[in-house]
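Read the structure below first, then the notes.
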């Protein structure tokens, strides 16, 4: 670490990070400090620049020009959106956030840009989400495609080919932004965590989990991408040939199984209802078969999948052991029922989940259950009612509650 005049730098591995400040900067005891005053209406800039060369300082950045370039980029990008439905401002804000989670050099889409932030203050679920979960990124790709953003889908397909490396049978649930497979989880026990929420973790051991619904999500995204851009067929085709994985020792996986044609869809992780949800429709199975050129019809897949999906739903409810997880399972159960045409059960399960989240004050999951309720009633043809549920979901996503805001103000004063 060194400082001279208004510029300071810190050695990294690899490269070096440079700080340019509006006032002289000092380095002492491992800290960099700079002091300056800002008047009302005045603008001052601090910039950070990473350089791969340790010895050659980068040119002084033009902060005003860089800010304009950034604003112009985002306005041009979101201007390509083809979305013309309700809540357009909210949808476009979500699209911008998802695009910001895309790693431009490879096309990977990370789950979040943060690590070690708690799911709840004081809790132990402080995970590192700076990785690309195939389930999450596949759903994001479908969202991009539905709003006219095909380039992002092309980039993701290219990244997926690198991550899979020609071995789709070894598919993991998640990878690094460069396709890294080994993501060891480390506990940083010397750090106290946000408001005492410990332990802090980097890396993520979930990379070693077997979550078979990932296959359906990936197939769905690949199918949609190929539909929007037929030139992707040579890249997409080989990745659609994914056999069902066999657990260690060759024993059949826990849960239900459905065979159709040459494909197998398996649900085994009953702690999360989503494992059986997509197969309940048979949509992803039929898409996989069509990517492979099979003649098995979507209707046949759907009919053979119904009993499997519903059995998986019920099993998931029996597997949970606390009210919050039970409510989450009910929320997904509602959508699973809607996908097989059981709309009354879908509405009942979703409404029960929403009431439970409202009672416990879980705003995030209350909003999610309202979204799922909206999807369920929309599938039943009640679009006006669905719009009402989505509007309530948006209203539930308050960025900061009054209590949280007071706590923040207390820390800043």
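Just one of 141, 177 is part of a loop (DSSP other than H, G, I, E, B) and modelled with pLDDT of 90 or more; which is it?
177
Just to be sure, is residue 177 in contact (Cβ under 8 Å) with a residue 24 or more places away in the chain, farther than 18 Å from residue 219 by Cβ and in contact with a strand residue (DSSP E or B) (Cβ under 6 Å, 6 or more places away or on another chain)?
Criteria met by residue 177.
Based on what the data block shows, is residue 44 within 18 Å of residue 23 (Cβ to Cβ) and either over 27 Å from the mean Cα position of the chain (by Cα) or not assigned by TED's automatic domain parsing to the domain that holds residue 17 (or both)?
Taking the combined requirement at face value, the residue satisfies it.
State all residues of segment 209-230 that are under 20 Å from residue 171 (Cα atoms), modelled with pLDDT of 80 or more and not in a helix (DSSP H, G or I); if no residue qualifies, say none.
Matches in segment 209-230: 209 only.
Does segment 93-113 include one or more residues that are part of a loop (DSSP other than H, G, I, E, B), modelled with pLDDT under 95, assigned by TED's automatic domain parsing to the domain that holds residue 205 and touching a strand residue (DSSP E or B) at 6+ places or on another chain (Cβ under 6 Å)?
yes
Residues being farther than 18 Å from residue 6 by Cβ and in contact (Cβ under 8 Å) with a residue 24 or more places away in the chain: count how many of those fall in segment 53-68.
Matching residues across segment 53-68 total 2.
Before we move on, is residue 136 free of Cβ contacts under 8 Å to residues at least 24 places away in the same chain and closer than 30 Å to residue 85 by Cα?
Criteria not met by residue 136.
Name the residue that is surrounded by the most Cβ atoms within 10 Å (Cβ to Cβ), counting only residues in segment 1-22 that are in contact with a strand residue (DSSP E or B) (Cβ under 7 Å, 6 or more places away or on another chain) and part of a loop (DSSP other than H, G, I, E, B).
Taking the candidates together, the pick is 21.
Within segment 358-383, which residues are outside any helix (DSSP H, G or I) and more than 12 Å from residue 328 (Cα to Cα)?
361, 380, 381, 382
Would you say residue 29 is loosely packed, with under 10 Cβ neighbours inside 10 Å and either without any contact (Cβ under 8 Å) to a residue 60 or more places away in the chain or outside the structural domain of residue 13 (by TED's automatic domain parsing) (or both)?
yes
Any idea which of 329, 386, 319 is surrounded by 17 or more Cβ atoms within 10 Å (Cβ to Cβ) and at pLDDT below 70?
329
Does segment 114-138 hold any residues that are touching a strand residue (DSSP E or B) at 6+ places or on another chain (Cβ under 8 Å) and part of a loop (DSSP other than H, G, I, E, B), and which are they?
Within segment 114-138, 116, 126, 127, 129, 130, 131 meet the criteria.
Would you mind finding the one in 117, 139, 191 that is surrounded by fewer than 19 Cβ atoms within 10 Å (Cβ to Cβ) and over 19 Å from the mean Cα position of the chain (by Cα)?
191
The values are calculated or read from the model by the stated rules, or taken from the named source; none is laboratory data. Only a predicted model underlies this, so the values are computations on that prediction, with no experimental measurement involved. Quick reminder, even Gly has a Cβ in these numbers, built from the backbone with ideal geometry, and neighbours come from all protein chains shown.
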